[in-house]
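Visitor: Have a look at this one.
We did not get these values from a lab; they are worked out from the coordinates using the rules stated. Remember, predicted model here, so these are calculated numbers, not experimental data.
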Amino acid sequence: MELQKIVDALGGKFPGAVLKHGVNNGVFEITVSADSFHEVMKTLHGNKNLAFDMLADIVGIDRMPKTPRFDVCYILLSTKDFTRLMVRLAAEEDKDVPSVSDIWHSADWAEREVFDLMGIRFSNHPDLRRILTWENFEGHPLRKDFPLQGKDFDKPFDPTIIKDYC
């Protein structure tokens with residue numbers, strides 16, 4: 001599949017939705033506007049000519065001090081012809097990103113991981129809670145402003161505060 005075919009298919013249905021497109025290290029990449037993001041993702045999955053039927057991963061990128069602060073990257077695969085596509089969405093720090101767990105069920109835990117480690121919230125997620133850190137954990141460890149040695153590095157380790165989560 002060609003990148004231009006993907007861009008044309010989306011541009012015909014959602015004018016102005018694809019903000020940028022290109023090839024990055026051999027992988028097709030598009031940047032999508034927040035307004036039409038969820039509908040674009042539905043089309044990428046449901047359109048028989050595109051058929052990106054597998055969500056391989058979701059990655060959060062902290063671009064601090066730039067605005068918007070985050071990029072959320074969705075790595076899609078078409079098992080029909082093994083085309084890979086990275087869909088990039090710019091996300092503000094205090095605004096929710098629409099969940100795609102209703103389109104790809106594998107997004108459920110990947111979105112929880114991005115929420116836990118980066119603090120990016122996903123609207124309409126069926127179970128948005130921490131997945132790698134415990135429930136009362138303060139902060140998001142993969143943000144650039146998180147202390148390198150952790151928040152409590154100067155205090156002795158207390159296993160009783162996490163015993164319920166192990």
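Visitor: Restricting to the stretch 24-140, compute how many DSSP beta bridges are antiparallel as a %, nearest 5.
Guide: Around 75 percent antiparallel, to the nearest 5.
Visitor: Further, regarding this structure: Is any helix in the chain, taking whole DSSP H runs, at least 15 angstrom long along its axis by alpha carbon and on average at least -0.5 on the Kyte-Doolittle scale, and which ones?
Guide: Those that pass (Cα extent of 15 Å or more, hydropathy at least -0.5) are 3-13, 107-118.
Visitor: Using only the Cα atoms of the stretch 11-106, what are the Rg and Dmax in Å?
Guide: In Å, with Rg to one decimal and Dmax whole: 13.0, 40.
Visitor: Further, regarding this structure: From the C-alpha gyration tensor of the chain, pull out the three semi-axes of the equivalent ellipsoid (sqrt of 5λ each), sorted largest to smallest, in whole Å.
Guide: 34, 17, 14
Visitor: Pick from ARG121, ARG130, ARG69: which residue has the top mean-square fluctuation in a GNM of the chain where Cα pairs under 10 Å get a spring?
Guide: Largest GNM mean-square fluctuation: ARG69.
Visitor: Checking the table LYS13/LYS80; LYS5/LYS144; LYS5/LYS66 against a 25 Å threshold on Cα-Cα, which pairs fail?
Guide: LYS5/LYS144; LYS5/LYS66
Visitor: What whole number of Å gives the distance from the Cα centroid of the stretch 122-151 to the Cα centroid of the stretch 1-39?
Guide: 30
Visitor: While we're here: Pick from MET86, MET64, MET118 the residue whose mean-square fluctuation is largest in a GNM of the chain, springs joining Cα atoms under 10 Å.
Guide: Result: MET64 has the largest fluctuation of those listed.
Visitor: Based on alpha-carbon positions alone, could you give the equivalent ellipsoid semi-axes of the stretch 63-130 from the gyration tensor, as √(5λ), descending, whole Å?
Guide: One finds semi-axes of 22, 16, 9 Å for the stretch 63-130.
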